[in-house]
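Below: the structure, in structure tokens.
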Amino acid sequence: MNHNQFNFLRGKAFAVLALSAVAVGSAIADDISPQARLQIAQILSYKRNFSLGQQKMDTNLVFAAKLARHEMPPTAGNWVGSVSSVVPVIGNGLVTVDIKGVPSESLLAKITEVGGNVISTSTRFNMIRASVPISKMDQVAGHGDVSRMRLPAQGQTNGFFSRYARPALGFPTPAGYSPFIGAVTSQGYVSHAANVAIAHGYNGTGVKVGVLSDSATPARVAALIATGDLPADTVVLAGQAGSGSDEGTAMMEIVHDLAPGAKLYFATAFNGEASFADNIIALKDAGCKVIVDDVSYFDEDPFQDGIIAQAVNTVTAAGVVYVSSAANSGNLTNGTSGTWEGDFVNGGPVTGPILTSGETGNFHKFGANNFDTVTAASSFYGLHWSDPLGASGNDYDFFLLNSAGTTVKDFSVGTQDGTQDPFEALGASNHAAGDRIVIVQFAGATRALHVDTERGRLALATSGATQGHNAGLNTLSMAATVWNSAHAGTVAFTGFANPIETFSSDGPRKIFFNPDGSAITAGNFLFGTNGGTTLQKPDVTAADGVFTKTPGFLPFFGTSAAAPHAAAIAALVFQAKPGYSAAQVKTAMRASALDNMAVGPDRDGGYGVAMAWQSVQYALSH
């Protein structure tokens with residue numbers, strides 16, 4: 001599994017507190033120990049006295065800055081050292097942060113004045129990435145053009161490496177396999193019937209395809225050009241090769257195998273969300289008619305388009321087909337879901353020192369209990385609720401308890417008072433199977449909730465794993481099926497013999513807000529009353545487990561591998577019908593897809609397995 005750690009965790013200042021117990025209403029009988037009561041009271045006391053700048057910062061940054069200035073007294077407790085350890089210092093006392101706000105000359109000058117450095121800016125999305133002295137972060141956050149400061153968001157690609165190879169698939173060389181394009185050819189060339197389309201003269205000629213992933217380093221691109229596995233005119237946008245596993249080159253190989261006439265472009269998606277969004281638009285500006293990515297950022301909202309999804313909207317409005325992996329977070333059908341979605345249910349009032357320290361609220365009731373149980377742990381758990389981005393006035397908090405429900409292991413208690421995002425996240429390194437997830441509504445109205453565990457598992461789980469731009473309204477969202485899922489060798493897909501992978505993220509995707517934050521159904525923000533609108537996600541299914549020449553990606557599993565197969569098919573359709581709109585290309589792919597999970601569209605495989613020759617035939621006849 002390919003993880004690029006950007007070290008983002010909201011509320012992570014509290015990640016490893018040495019708390020010994022917590023009361024959760026009637027569901028957990030043990031009260032909070034005197035030591036834990038004192039620590040919670042101390043934390044809340046600091047929180048109540050945050051300056052204006054500190055109120056704009058994630059709490060981990062606030063406490064790290066206080067510790068650096070020696071403002072934390074010895075009585076603060078054992079959690080002080082843990083707070084400093086979760087904020088990475090990159091040298092000379094600097095911390096890399098993402099700042100949401102207008103990148104005005106005054107703000108940029110302020111960063112320099114305190115001894116920081118501006119790394120990048122996005123005027124389109126009002127984002128700044130900067131390195132700032134740890135002791136002076138709140139001085140920058142207090143600037144009037146800043147609305148939020150946080151550690152850079154954590155993200156990952158949706159590919160699996162060769163160490164996950166399955167011998168039953170015939171690895172390393174299935175019977176009858178031989179390369180057709182370059183030294184190594186994806187089995188999707190035959191499985192998706194691209195070989196038939198190419199035999200009829202449709203190979204993507206005249207179509208530019210853009211790829212976004214972790215990296216496509218110059219040395220690897222050059223090596224693949226030399227073996228014929230990438231075309232000689234492959235373009236990596238200036239300064240956007242990225243760094244990492246070269247998963248981007250493996251994706252470009254797949255596109256080249258199925259659409260060898262297409263011209264390929266690459267830009268990294270791993271320099272932060274604003275850079276990712278800007279690169280989507282840059283690929284469109286370079287003339288790409290098809291763009292594909294395989295990246296998920298953990299803080300992407302499930303209920304409204306964030307900046308990446310908004311960039312997708314921009315390019316699709318200009319006629320681009322945008323393809324993205326649905327992600328590898330599991331699905332309810334296969335019992336692999338790490339997602340829970342539903343409306344807040346009042347599980348009774350919070351009791352104990354949280355109440356006496358000035359915070360009131362109620363626990364959320366998961367089924368019969370006020371908690372959900374983690375059955376397979378992850379390093380990241382996110383909580384979203386149905387408020388607009390940048391305008392959440394309902395305050396929900398997020399806790400992780402040990403398996404006995406007696407110890408707080410991790411929690412995130414940021415303030416939402418009308419100007420923040422509806423998001424809390426847990427990211428300590430001590431998460432374990434058996435832990436209990438607890439949600440508290442501290443203030444505000446009942447909202448729809450979404451818990452994701454990023455490839456973990458939950459005892460009480462639901463569908464709806466795919467989220468963010470991966471499941472956007474204008475995204476062609478891809479589920480995965482292994483190329484040999486029918487166990488028949490390298491042959492064309494037939495449909496029901498090709499079910500989705502057990503890890504493939506499912507839908508559907510309920511959204512409550514338009515991209516600008518306006519309500520789709522004013523006053524109705526709940527699942528139970530059918531608020532918002534429901535998107536059919538994923539859209540279609542494509543192959544994974546295929547061969548590439550890129551080291552580490554033979555075979556290449558994950559929805560990361562599925563997405564470029566679909567992008568190549570879109571390129572073939574564009575060649576067949578140059579005047580087609582993006583919507584028409586997607587219709588051709590959906591209408592000709594082979595049902596693989598149910599008759600008609602479903603939450604697991606979408607409209608079914610996308611097929612190259614069938615998509616081209618549909619386009620030619622419509």
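The values are calculated or read from the model by the stated rules, or taken from the named source; none is laboratory data. Keep in mind the model is a prediction, meaning the values are calculated, not measured. Ideal geometry is used to build each Cβ from the backbone, glycine not excepted, and the neighbour counts take in all protein chains shown. All accessible areas refer to the heavy atoms of the entire protein, side chains included, with ligands and DNA or RNA removed. Shrake-Rupley method; radii C 1.70, N 1.55, O 1.52, S 1.80 Å.
Only one of the numbered conditions (1) buried (at least 23 other Cβ atoms within 10 Å of the Cβ); (2) closer than 23 Å to LYS284 by Cα is violated by ALA583, and that is (1). Pairs meeting the criteria (first residue in the range 230-242 and within 15 Å of VAL255 (Cα to Cα), second residue of a type in the set (Ser, Thr, Tyr) and part of a strand (DSSP E or B), beta carbons under 6 Å, at least 6 apart or on different chains) are VAL235/TYR265. Scanning the range 484-501 for residues that are among the aliphatic types (A, V, I, L, M) and either under 13 Å from GLY330 (Cα atoms) or not in a loop (DSSP other than H, G, I, E, B) (or both) turns up just one, ILE500. Among the numbered conditions (1) in a loop (DSSP other than H, G, I, E, B); (2) surrounded by fewer than 20 Cβ atoms within 10 Å (Cβ to Cβ), the only one that GLY531 does not meet is (2). Of the residues examined, THR481 is one that is buried (at least 20 other Cβ atoms within 10 Å of the Cβ), among the hydroxyl-bearing types (Ser, Thr, Tyr) and not in a loop (DSSP other than H, G, I, E, B).
Restricting attention to the range 138-173 and to residues that are in a helix (DSSP H, G or I) and open to solvent by less than 30 Å² (accessible area, probe 1.4 Å), the residue that is modelled with the highest pLDDT turns out to be VAL140.
Counting only strands (runs of 3 or more DSSP E) wholly contained in the range 217-309, the ones carrying 3 or more residues that are modelled with pLDDT of 95 or more and among the β-branched types (Val, Ile, Thr) occupy 290-293. Annotation: GLY204 fulfils all but one of (1) at negative phi; (2) surrounded by 24 or more Cβ atoms within 10 Å (Cβ to Cβ); (3) in contact (Cβ under 8 Å) with a residue 40 or more places away in the chain; the unmet one is (1).
Out of ALA542, ALA563, ALA571, which single residue is buried (at least 24 other Cβ atoms within 10 Å of the Cβ) and part of a strand (DSSP E or B)?
ALA542
Residues of the range 263-285 that are of a type outside the set (D, E, K, R) and touching a Lys or Arg at 6+ places or on another chain (Cβ under 7 Å): TYR265, GLY272. When the range 502-511 is filtered for residues that are open to solvent by 10 Å² or more (accessible area, probe 1.4 Å) and in a loop (DSSP other than H, G, I, E, B), the ones remaining, listed by number, are THR502, PHE503, PRO508.
Go through the range 586-616 and give me each residue that's surrounded by 20 or more Cβ atoms within 10 Å (Cβ to Cβ) and either assigned to a helix (DSSP H, G or I) or charged (D, E, K, R) (or both). Those that are surrounded by 20 or more Cβ atoms within 10 Å (Cβ to Cβ) and either assigned to a helix (DSSP H, G or I) or charged (D, E, K, R) (or both): LYS586, ALA588, MET589, ASP602, ARG603, ASP604, ALA612, TRP613, GLN614, SER615, VAL616. Residues that are at pLDDT below 95, among the hydrophobic types (A, V, I, L, M, F, W, C) and either open to solvent by less than 20 Å² (accessible area, probe 1.4 Å) or closer than 25 Å to ASN530 by Cβ (or both) occur in the range 341-351; there is at least one.
Only a single criterion out of (1) under 30 Å from THR407 (Cα atoms); (2) surrounded by fewer than 20 Cβ atoms within 10 Å (Cβ to Cβ); (3) small (Gly, Ala, Ser) is not satisfied by GLY382, namely (2). Of all residue pairs spaced 6 or more apart or on separate chains, those with beta-carbon atoms under 9 Å, a first member in the range 520-544 that is free of Cβ contacts under 8 Å to residues at least 24 places away in the same chain and a second member that is open to solvent by 40 Å² or more (accessible area, probe 1.4 Å) and not in a loop (DSSP other than H, G, I, E, B) are ILE520/THR533; THR521/THR533.
Scan the range 428-444 for residues that are open to solvent by 40 Å² or more (accessible area, probe 1.4 Å) and assigned to a loop (DSSP other than H, G, I, E, B) and the total you get is 4.
Is there a residue being at positive phi, surrounded by fewer than 22 Cβ atoms within 10 Å (Cβ to Cβ) and in contact (Cβ under 8 Å) with a residue 60 or more places away in the chain anywhere in the range 406-427? No, the range 406-427 has no match at all. When residues in the range 311-326 are screened for being open to solvent by less than 10 Å² (accessible area, probe 1.4 Å), of a type in the set (Gly, Ala, Ser) and not in a strand (DSSP E or B), 2 of them pass. Residues in the range 103-137 that are open to solvent by less than 40 Å² (accessible area, probe 1.4 Å), touching a strand residue (DSSP E or B) at 6+ places or on another chain (Cβ under 6 Å) and part of a helix (DSSP H, G or I) were compared, and the one that is nearest to ASN92 (Cα to Cα) is ILE134.
LYS284 fulfils the conditions (1) of a type in the set (D, E, K, R); (2) surrounded by fewer than 24 Cβ atoms within 10 Å (Cβ to Cβ); (3) over 23 Å from the mean Cα position of the chain (by Cα) except for a single criterion, (3).
Kindly indicate whether GLN304 is in contact (Cβ under 8 Å) with a residue 60 or more places away in the chain and within 18 Å of PRO538 (Cα to Cα). Answer is yes for this residue.
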